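Here is the structure we will look at, set down as C-alpha cells.
Bear in mind these aren't lab numbers, they're just calculated from the coordinates by the rules spelled out. Nothing here was measured: the structure is a model prediction, and the numbers come from that model. Here Cβ is always computed from backbone atoms with ideal geometry, including for glycine, and neighbour counts include all displayed protein chains.
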Amino acid sequence: MSHRIVVTGAAGFIGSNIVRALNARGMTEIIAVDNLSQADKFRNLVDLRIADYLDKSSFYEDFAHGRLGNVEAVFHEGACSDTMQHDGRYMMDNNYATSRSLLQACLERGTRLLYASSAAVYGGSEHFVEHPEFERPLNVYGYSKLLFDQLVRRRLHGAHSQVAGFRYFNVYGPGEQHKARMASVAWHHRNQFLEHGRVELFGAYGGYGPGQQMRDFVFVDDVVAVNLWFFDHPQHSGVFNLGSGRAQPFNDVAHAVVNALRAARGQAELDLRQMVDEQLLVYTEFPAALHGRYQCFTEADLRGLRSVGCDHVFADVAHGVRSYMQRLQPPA
C-alpha cells in the first residue's frame with residue numbers, strides 16, 4: 001500500500017530532511033508544500049523525490065476540501081521561525097491560524113498530524129518540562145507556538161487520529177543555509193572561520209564564563225528520527241520536547257567546528273585552550289541590547305518522550321557537528 005504524505009515547509013531546513021528520510025525508506029508519494037518567494041530554498045528540494053509541489057497559499061484549502069485524496073499523515077514543519085519578527089499579526093496568522101485550520105481538517109479526515117512546536121514556548125522559564133507552569137514565551141513567535149500547543153491539548157481528548165507536537169530546541173545540520181541570522185551557531189561558526197580564520201563567541205554573562213552559556217543543541221538527523229518514530233507508532237499523541245536532553249556550552253560547538261575544518265585541511269586537532277591562545281576562538285563583550293533578554297541555559301526534559309517508549313539516542317555536539325561539517329561542501 002502506498003502512503004501519501006504531506007510535508008509542509010518541505011523546502012525548509014527540517015522539512016527537507018524529513019522528505020529525504022522518507023525517500024530513504026522508499027517513500028515518494030509525497031506532496032511538498034512551501035512558499036518559494038525566497039527562491040534559493042529550492043536547492044533543498046533538488047535531489048529529493050516528490051509526487052507534487054503545492055504553494056502554501058492553495059494547500060490548506062485544497063486539503064480541507066479533500067482535493068488531495070487520501071492522505072495518511074502531515075508533517076507540518078511550515079512556519080515563520082524568525083524569533084526577531086515583530087509583526088505579531090503576521091506571526092499569529094502564519095503560525096497559529098493556518099495550523100488551527102490544518103488540525104481541524106486532519107481531525108475531520110482522520111489524517112495523522114505530526115507538527116513542529118518550539119522550545120521558545122519556555123522563554124523565561126528555568127525548567128523545560130511540558131507543563132503550563134513552565135511555559136513563559138518571551139516573544140510572539142513563542143506565543144504563536146504555545147497557543148497552538150494549548151489548542152492541541154484541548155482537542156486531543158476527542159481525537160481519533162494521531163496528533164503529536166515536537167518542541168524543537170537548538171537544531172543544527174544540513175539544509176539550513178537559507179536561514180540567514182536564524183541559522184544555527186554551528187553554521188555561523190563555520191562561515192566565520194572560513195572567512196576570517198577565527199570564531200567569535202560572547203564573553204562572560206549571567207554568571208557564566210566566556211563561551212560557557214549553555215544550550216540544548218540537537219542534530220537534525222535526531223529530530224528526523226524522532227518524527228519518524230512517532231510516524232511508526234501512531235498510537236502515541238501529545239506534545240513532547242525534542243532536544244538532546246544534554247545542555248552544552250557554546251565553546252563545545254566552536255571547538256567541534258574548528259577541529260572539523262582543520263581536519264579537512266589535514267591539520268592537527270587542538271584543545272580549547274590552544275584555540276584561544278592562537279586566537280582561533282575570540283570572545284567579544286556581551287551585547288548590551290541582549291541584557292535581560294537572553295537565555296543562558298536550555299535543556300530538554302526528555303521524560304515525556306521516554307514515557308511513550310521513544311528511546312532514541314541523541315548525538316552529542318562533538319559527533320553531530322563533525323558529521324555536519326563533513327556533509328557540507330568542503331571549504332575551498
- prompt: For residue 319 and residue 104 in the same chain, what is the full-extension length gain: residue separation times 0.36 nm, less their Cα-Cα distance, in nm?
  reply: 73.4 nm
statement: If the chain between residue 3 and residue 225 were fully extended at 0.36 nm per residue, the gain over the current Cα-Cα distance would be 78.1 nm
- request: Provide the three semi-axes, in whole Å and in decreasing order, of the ellipsoid equivalent to region 96-195 as defined by the square roots of 5 times the Cα gyration tensor eigenvalues.
  value: 30, 18, 11
message: Under 8 Å for C-alpha pairs, at least 6 residues apart: give me the relative contact order for the chain, rounded to a whole percent.
response: 16 percent
message: Nothing charged except the Cβ atoms of Lys and Arg (+1) and of Asp and Glu (-1): what's the magnitude of the dipole of region 201-285 about its Cα centre? Round to the nearest 20 debye.
response: 40 debye
- line: So, for the Cα atoms of the chain, Rg and Dmax in Å stand at 20.0, 63
statement: Under the 7 Å Cα-to-Cβ spin-label approximation, residue 182 and residue 67 lie apart by a distance in nanometres of 2.7 nm
query: Most fluctuating residue of 20, 112, 306 in a GNM of the chain with Cα springs under 10 Å: which is it?
result: 306
- line: Final fewest-first order of 135, 126, 77 on the 10 Å Cβ neighbour count is 126, 135, 77
message: Distances longer than 18 Å among the Cα atoms of region 138-239: what percent of all pairs is that?
response: 66 percent
message: Only counting other Cβ atoms within 10 Å, I'd like 41, 56 sorted with the fewest neighbours first.
response: 56, 41
statement: Only helices counted: for the chain, with every DSSP H run of 4 or more residues adding -39500 (n - 2.57) and the sum spread over all residues, [θ] at 222 nm is -10500 deg cm²/dmol
- request: In a Gaussian network model over the chain where Cα atoms closer than 10 Å are linked, find which of 289, 21, 32 has the largest mean-square fluctuation.
  value: 289
field: Rounded D (µm²/s) - region 53-126, Kirkwood Rh over Cα pairs, Stokes-Einstein at 25 °C, 0.890 mPa s
entry: 180 µm²/s
message: Given axes a ≥ b ≥ c from the Cα gyration tensor, I'd like to know whether region 197-323 is rounded (a/c under 1.5), prolate (a/b larger than b/c) or oblate.
response: oblate
- line: The FRET efficiency for residue 156 and residue 273, from their Cβ-Cβ distance with R0 = 35 Å and rounded to 0.05, is 0.10
query: Between residue 90 and residue 291, what FRET efficiency follows from the Cβ-Cβ distance if R0 is 30 Å, with the result rounded to 0.05?
result: 0.65
query: Comparing 314, 166, 134, which has the greatest mean-square fluctuation in the GNM of the chain with Cα pairs linked when under 10 Å apart?
result: 134
task: For region 170-207 and region 251-329, write down the distance between their C-alpha centroids in whole Å.
output: 9 Å
query: For region 77-152 and region 1-70, what is the separation of their C-alpha centers, rounded to whole Å?
result: 21 Å
field: 3J(HN,Hα) from dihedral phi, region 225-234, Karplus parametrisation 6.51/-1.76/1.60, rounded to Hz, x for glycine, proline
entry: 4, 6, 4, 6, 4, 5, 4, 7, 10, x
query: How do 128, 193 rank when sorted from fewest to most other Cβ atoms within 10 Å of their own Cβ?
result: 193, 128
statement: For region 78-190 the mean separation of alpha carbon contacts under 8 Å (6+ apart) over residue count, i.e. relative contact order in percent, is 30 percent
